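Novice: Once you've had a glance at the structure underneath, I'll fire off some questions.
The values are calculated or read from the model by the stated rules, or taken from the named source; none is laboratory data. The model shown is predicted, which means the values in this text are computed figures rather than measured ones. Reconstructed Cβ throughout: ideal geometry from the backbone, glycine too, with neighbour counts over all protein chains shown. What goes into the accessible areas is simple: the full protein's heavy atoms, side chains included, and nothing from ligands, DNA or RNA. Shrake-Rupley method; radii C 1.70, N 1.55, O 1.52, S 1.80 Å.
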Amino acid sequence: MFIIVNEFCERFSFYGMKAVLTLYFVNYLHWDRNLSTTVYHAFSGLCYFTPIIGAPIADAWLGKFNTIFWLSILYVIGHVIKSVGAIPTVGNTEVHVALSIIGLVAIAFGTGGIKPCVSAFGGDQFKEEHVQERAKFFSIFYLSINAGSLISTFVTPVLRGDVQCFGTDCYALAFGVPAALMLFALIVFVSGSSMYKKYPPQGNILGSVFKCIGFAIKNRWNHRSKEHPKREHWLDWATEKYSKKLITEVKMVTKVLFLYIPLPMFWALFDQQGSRWTLQATRMNLDFKGFVAQPDQIQILNPLLILILIPVFDLGIYPLVKLCKINFKPIPKMAIGMIIAALAFVVATVVEIKIIETIPVAPKAGESFLQVMNFAGREVTVNGEMRVPALDPKDFKDPEYLTLKFDGTQTVNVSEGNNQLCSVQITEAATYSLAVDGRKCSLVRRRTCTEIIERRNRKDTRKQSHCCH
């Protein structure tokens with residue numbers, strides 16, 4: 001139970017932090033969407049690469065318990081640094097970026113380092129004859145992973161969006177709670193130390209596998225002439241140096257590796273829940289008849305559907321398929337799942353196209369959109385260059401937007417011939433409507449659809465315009 005509680009809290013801390021990470025990059029560090037997506041996936045890639053480092057450390061040097069303990073300390077430190085970097089009063093933007101990157105690297109090495117060790121350490125607690133108990137443990141163990149992910153991906157976006165601190169979304173709290181859970185996970189894990197079965201390091205298994213493969217290839221090459229009889233399997237050329245048990249296990253591994261070939265593409269798509277799909281959700285109406293979801297809560301669907309659909313398939317669909325005398329093996333199941341995943345991204349593509357059609361492109365940094373509604377009855381000019389004809393009240397058409405290029409703020413002068421009618425100031429990356437009637441001008445900054453939707457999603461009670469500009 002110590003190991004299960006530890007895993008629940010660790011998964012809560014990891015997925016809770018990761019759920020709000022993309023919006024943190026965009027809204028807090030003010031990175032553009034492409035850079036935010038790139039860093040998010042670079043962090044994910046590092047998290048899933050570092051187990052290659054953690055496993056040999058546990059097998060050949062520290063053992064599983066000590067590896068989990070020391071890398072969990074690094075994990076906690078990474079969370080704390082990440083949380084401090086989300087406090088606006090601590091340094092400037094450069095400091096926040098530096099603390100964020102350092103924290104994420106520490107978290108990646110922490111979570112990746114302990115990933116191959118925790119489940120294996122749990123399996124070490126059972127004797128060979130405890131088959132049912134071990135199976136029950138792993139069922140609860142993986143249930144705790146999905147439960148931690150489910151709860152955290154619901155809670156941390158709420159802490160970010162519904163709690164205000166330092167006058168903005170509370171990223172410090174959204175990162176601080178996962179940090180506290182990881183510290184608690186470490187304390188719980190250490191508390192059970194006296195009860196664990198701890199086995200000493202037994203050598204670098206991963207290194208032995210690579211050495212066995214290398215020796216088999218080298219030995220086969222040295223005996224490539226026809227005078228040497230063929231062997232049943234190419235790995236059998238390692239029998240001169242390695243045990244039959246190791247060679248048999250390596251054969252099993254090489255067979256499984258073929259199943260892994262399509263998995264990188266699957267995970268490249270799957271992991272976009274936390275990046276592109278979350279960013280897509282920021283431009284959508286998340287009001288579900290009174291319940292207003294946060295954009296980063298879209299990721300809750302993954303663990304929720306896992307918990308719902310596994311019993312549906314195992315207890316309902318697969319038994320029915322078996323009754324129909326259809327032998328539905330694991331590989332066809334995986335293939336169908338990947339086809340459905342591909343279709344899901346077709347749906348996401350259609351949704352994105354519809355969003356683009358509904359929401360016009362907002363002005364970028366260094367430009368502004370200005371719509372001049374000329375009710376003066378005569379043609380006027382903007383900044384002495386752009387001519388704006390008078391609107392016909394009998395045949396009114398919404399005027400097109402003018403694109404103005406500048407940095408910071410700019411004064412816009414509206415004149416009729418040599419007579420200046422008014423001067424107004426506008427800022428970059430914003431959209432305005434300017435009404436001119438010959439006597440005075442009225443300037444209104446238009447909110448984009450994204451701003452309107454984001455305010456609605458924050459449960460802002462102020463009256464909203466129904467029009468998106």
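Novice: Ignoring ligands, DNA and RNA, what accessible area per residue does the range 61-199 give at 1.4 Å, in Å²?
Specialist: Details: 6260 Å² over 139 residues.
Heavy-atom SASA per residue in the range 61-199 reads 45 Å².
Novice: What per residue convex hull volume, in Å³, comes out for the range 1-124 when only alpha-carbon positions are used? Write out the running numbers ahead of the final one.
Specialist: Details: hull volume 11.7 nm³, N = 124.
Hull volume over Cα atoms, normalised by residue count, gives 94 Å³.
Novice: Run lengths n ≥ 4 of DSSP H only: what is the helix-derived mean residue ellipticity at 222 nm for the chain, with -39500 (n - 2.57) per run over all residues, to the nearest 500?
Specialist: Details: 15 runs with 253 residues, N = 469.
Using -39500 (n - 2.57) per qualifying helix, the result is -18000 deg cm²/dmol.
Novice: Another one. Report the relative contact order of the range 220-378, percent, no decimals, based on alpha-carbon pairs under 8 angstrom and at least 6 residues apart.
Specialist: Numbers: 40 pairs, mean separation 25.4, N = 159.
This gives 16 percent for the range 220-378.
Novice: So, by mean Cβ neighbours within 10 angstrom, what's the order for 400-407, 320-327 with the highest one leading? Let's see the in-between values first.
Specialist: On the way: 400-407: 13.6, 320-327: 9.0.
Ranking the peptides 400-407, 320-327 by packing returns 400-407, 320-327.
Novice: By how many nm would the segment from F2 to K241 lengthen if fully extended, with 0.36 nm per residue of separation less the alpha-carbon distance? Walk me through the numbers before you get to the answer.
Specialist: Numbers: separation 239, 0.36 × 239 = 86.04 nm, distance 4.11 nm.
Stretched out fully, the F2 to K241 stretch lengthens by 81.9 nm.
Novice: Would you be so kind as to identify which of V250, I217, T282 lies farthest towards the positive end of the dipole of the range 194-330, taking Lys and Arg as +1 and Asp and Glu as -1 on Cβ and the Cα centre as origin?
Specialist: My answer, from the dipole projection, is I217.
Novice: Students often check this: by mean Cβ neighbours within 10 Å, which of 14-26, 272-284, 246-258 ranks highest, and how do the rest follow?
Specialist: Values: 14-26: 25.2, 272-284: 20.4, 246-258: 12.8.
Averaged packing, sorted descending, gives the order 14-26, 272-284, 246-258.
Novice: Can you tell me the relative contact order of the chain? Whole percent, Cα pairs under 8 Å, sequence separation 6 or more. Walk me through the numbers on the way to the answer.
Specialist: On the way: 620 pairs, mean separation 73.0, N = 469.
So the answer I get is 16 percent.
Novice: Could you calculate the FRET efficiency of I356 with D32 from 1/(1 + (r/R0)^6), where r is the beta carbon distance between them and R0 is 22 Å, rounded to 0.05?
Specialist: Working: r = 17 Å, r/R0 = 0.77.
After rounding, the FRET efficiency stands at 0.80.
Novice: Still on this model: Where nothing but the Cβ of Lys and Arg (+1) and of Asp and Glu (-1) is charged, how large is the charge dipole of the chain around its Cα centre, in debye to the nearest 20? Mind showing how you got there, number by number?
Specialist: Details: 49 positive and 36 negative charges, 312 e Å.
Roughly 1500 debye for the chain.
Novice: What are the GluC sites (Glu not before Pro) within the range 94-164 that DSSP puts in a loop, where the Cβ has at most 12 other Cβ atoms within 10 Å? Write out the running numbers ahead of the final one.
Specialist: Details: sites: E94, E128, E129, E133; in loops: E128, E129.
Taking the range 94-164 and a limit of 12 other Cβ atoms within 10 Å, the loop GluC sites (Glu not before Pro) found are E128, E129.
Novice: What does the charge count around K322 come to, taking other residues whose C-beta lies under 13 Å from its C-beta (Lys +1, Arg +1, Asp -1, Glu -1)?
Specialist: Working: positive: K325, K329, K333; negative: D314.
Local net charge: +2.
Novice: Shape of the range 270-378 from its Cα gyration tensor (a ≥ b ≥ c, root eigenvalues): rounded if a/c is under 1.5, otherwise prolate when a/b > b/c, or oblate?
Specialist: prolate
Novice: Another question, if that's okay. If you take Cα extents along the principal axes in Å from the coordinates, which of [x] 85, 51, 46; [y] 99, 55, 51; [z] 63, 61, 40 do you get?
Specialist: Working out Cα extents along the principal axes in Å from the coordinates points to [y].
Novice: Give, in nm to one decimal, the length gained when the segment between K211 and L259 is fully stretched (0.36 nm per residue of separation minus the Cα-Cα distance). Mind showing how you got there, number by number?
Specialist: Working: separation 48, 0.36 × 48 = 17.28 nm, distance 2.24 nm.
Length gained between K211 and L259: 15.0 nm.
Novice: Still on this model: Ranked highest first by average number of other Cβ atoms within 10 Å, how do 413-423, 374-384, 99-109 line up?
Specialist: Numbers: 413-423: 13.1, 374-384: 15.4, 99-109: 20.5.
Packing order, densest peptide first, comes out as 99-109, 374-384, 413-423.
Novice: Turning to a different aspect of this structure: Can you give me the long-range amide H partners of M373? Hydrogens built in the peptide plane at 1.01 Å from N, cutoff under 5 Å, separation of 5 or more residues or another chain.
Specialist: L434, A435, V436
Novice: While we're on this one: How much length, in nm to one decimal, is gained on full extension between K251 and F313, taken as 0.36 nm per residue of separation minus their Cα-Cα distance? Let's see the in-between values first.
Specialist: Values: separation 62, 0.36 × 62 = 22.32 nm, distance 3.12 nm.
Result for the pair: 19.2 nm of gain on full extension.
Novice: Any of K211/K244; K136/K245; K211/K241 with alpha carbons more than 21 Å apart? Name them for me.
Specialist: On the way: K211/K244 14 Å; K136/K245 28 Å; K211/K241 10 Å.
In this structure, K136/K245 lie more than 21 Å apart at Cα.
Novice: What lysines could a cross-link reach from K289, if we take a straight Cα to Cα line under 30 Å and drop same-chain neighbours fewer than 8 places away?
Specialist: K18, K354, K459, K463
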